[in-house]
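Engineer: Sharing a structure, written as structure tokens. Questions coming.
The values are calculated or read from the model by the stated rules, or taken from the named source; none is laboratory data. Predicted model, so just to flag it, every value in this text is computed and none were measured. Note: ideal-geometry Cβ built from the backbone for every residue, glycine included; neighbour counts use all protein chains shown.
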Amino acid sequence: MKTRMLRDIEVSEVGMGCMAFSHGYGAIPNEKYSIEAIRGAYEAGCTFFDTAEVYGPNLARSQRGHNERIVGKALADVRDDVVIATKLFLDGGFGGTYKRIRKHLDASMDRLQTDFVDLYYLHRMGSTPVEDVAKAMGRLIDEGLIGGWGLSQVDVDVIARAHAVTPLSAVQNIYSMVERDVEDEVIDRAVRGIE
């Protein structure tokens with residue numbers, strides 16, 4: 001399969017979003033089926049797999065990590081050959097931004113059965129300034145815990161502010177034939193370059 005670059009992270013041209021193994025599109029398949037589907041994608045040449053800590057049945061807080069555990073089981077024995085992206089949901093909490101993000105990352109790495117996340121996204125903007133998140137992500141990159149970082153569901157202002165602190169590897173926004181809101185600004189800016 002052809003590959004593409006997300007900044008300096010090489011990924012297969014077709015990636016696998018794993019969310020539906022935990023919620024979102026009808027009945028949740030059993031774990032065996034989910035693992036076989038992920039492995040089938042890998043065997044077909046897919047090396048880029050996307051998950052998030054919040055993906056679980058009904059997005060219930062008690063079910064967080066459901067999807068990461070499935071992805072971790074499916075890819076454990078081929079971990080060095082794949083790129084795993086996951087997303088954190090930074091809600092309220094105590095402590096500095098780095099400490100809070102690190103706690104989420106440690107939990108995700110445990111569920112994913114890895115000591116490194118290739119691409120770590122902030123799932124949605126909250127009350128924490130994006131500059132603080134970017135600084136913490138830069139520290140995690142420097143510490144060798146993540147390969148790059150990204151933002152999900154953001155506009156060009158947020159992208160520019162974050163990128164000025166720690167360069168982004170990716171932006172993940174909803175984009176389809178029926179939802180093209182990001183086309184004029186976000187995609188145009190990405191094509192022209194963020195700087």
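Engineer: Cβ-Cβ distance below 6 Å, separation of 6 or more or different chains: which pairs start in the stretch 142-165 with a residue that is of a type outside the set (S, T, N, Q) and end on one that is modelled with pLDDT under 95 and in a helix (DSSP H, G or I)?
Structural biologist: Taking only residues 6 or more apart or on different chains, the pairs are Val156/Glu185; Val156/Val186; Val156/Arg189.
Engineer: To continue, here is another question. Taking into account only those residues within the stretch 54-63 that are surrounded by 20 or more Cβ atoms within 10 Å (Cβ to Cβ) and without any contact (Cβ under 8 Å) to a residue 60 or more places away in the chain, which is farthest from Leu105 (Cα to Cα)? So that I can check it myself, show each step before the final result.
Structural biologist: Restricting attention to the stretch 54-63, the residues satisfying the condition of being surrounded by 20 or more Cβ atoms within 10 Å (Cβ to Cβ) are 54-56.
Filter again for without any contact (Cβ under 8 Å) to a residue 60 or more places away in the chain, leaving 55-56.
Details: Tyr55: 15, Gly56: 17 Å.
It comes out as Gly56.
Engineer: Let me ask another. In the stretch 92-116, how many residues are closer than 17 Å to Lys135 by Cα and in contact with a Leu (Cβ under 9 Å, 6 or more places away or on another chain)? So that I can check it myself, show each step before the final result.
Structural biologist: From the stretch 92-116, those closer than 17 Å to Lys135 by Cα are 95-105; that's our starting set.
From the residues that got through so far, the ones that are in contact with a Leu (Cβ under 9 Å, 6 or more places away or on another chain) too are 97-98, 100-102, 104-105.
Residues that pass the stated criteria total 7.
Engineer: Being in contact (Cβ under 8 Å) with a residue 40 or more places away in the chain and either touching a Leu at 6+ places or on another chain (Cβ under 9 Å) or β-branched (Val, Ile, Thr) (or both) is the filter here, so list the residues in the stretch 66-83 that pass it.
Structural biologist: In the first step, residues of the stretch 66-83 are kept if they are in contact (Cβ under 8 Å) with a residue 40 or more places away in the chain; the result is 66-74, 82-83.
Passing the criteria: Glu68, Arg69, Ile70, Val71, Gly72, Val82, Val83.
Engineer: While we're looking at this one, here's another question. Considering only residues that are closer than 26 Å to His123 by Cβ, in contact (Cβ under 8 Å) with a residue 40 or more places away in the chain, in contact with a strand residue (DSSP E or B) (Cβ under 9 Å, 6 or more places away or on another chain) and of a type outside the set (Ser, Thr, Tyr), which ones fall in the stretch 31-49?
Structural biologist: Here is the first cut: in the stretch 31-49, the ones closer than 26 Å to His123 by Cβ are 31, 33-35, 37-39, 41-42, 46-49.
After this cut, where a residue has to be in contact (Cβ under 8 Å) with a residue 40 or more places away in the chain as well, the list is 31, 34, 42, 46-47.
Still in the list and also in contact with a strand residue (DSSP E or B) (Cβ under 9 Å, 6 or more places away or on another chain): 42, 46-47.
Residue satisfying the conditions is Cys46 alone.
Engineer: List the residue pairs whose Cβ atoms are under 8 Å apart, where the first residue sits in the stretch 113-126 and is more than 26 Å from Ala76 (Cβ to Cβ), the second is outside any strand (DSSP E or B) and of a type in the set (Asp, Glu), and the two are 6 or more positions apart or on different chains.
Structural biologist: Sorted first by the residue in the stretch 113-126, then by its partner, the pairs are Gly126/Asp91.
Engineer: Moving on to the next point. Would you pick out the residues in the stretch 52-74 that are of a type outside the set (Gly, Ala, Ser), under 17 Å from Asn30 (Cα atoms) and in contact with a helix residue (DSSP H, G or I) (Cβ under 7 Å, 6 or more places away or on another chain)?
Structural biologist: Tyr55, Pro57, Gln63, His66, Asn67, Glu68, Arg69, Ile70, Val71, Lys73 - these are the residues of the stretch 52-74 that are of a type outside the set (Gly, Ala, Ser), under 17 Å from Asn30 (Cα atoms) and in contact with a helix residue (DSSP H, G or I) (Cβ under 7 Å, 6 or more places away or on another chain).
Engineer: With respect to Ile9, determine if the residue is buried (at least 17 other Cβ atoms within 10 Å of the Cβ) and free of Cβ contacts under 8 Å to residues at least 40 places away in the same chain.
Structural biologist: Details: buried (at least 17 other Cβ atoms within 10 Å of the Cβ): yes; free of Cβ contacts under 8 Å to residues at least 40 places away in the same chain: no.
For Ile9, the condition - buried (at least 17 other Cβ atoms within 10 Å of the Cβ) and free of Cβ contacts under 8 Å to residues at least 40 places away in the same chain - is not met.
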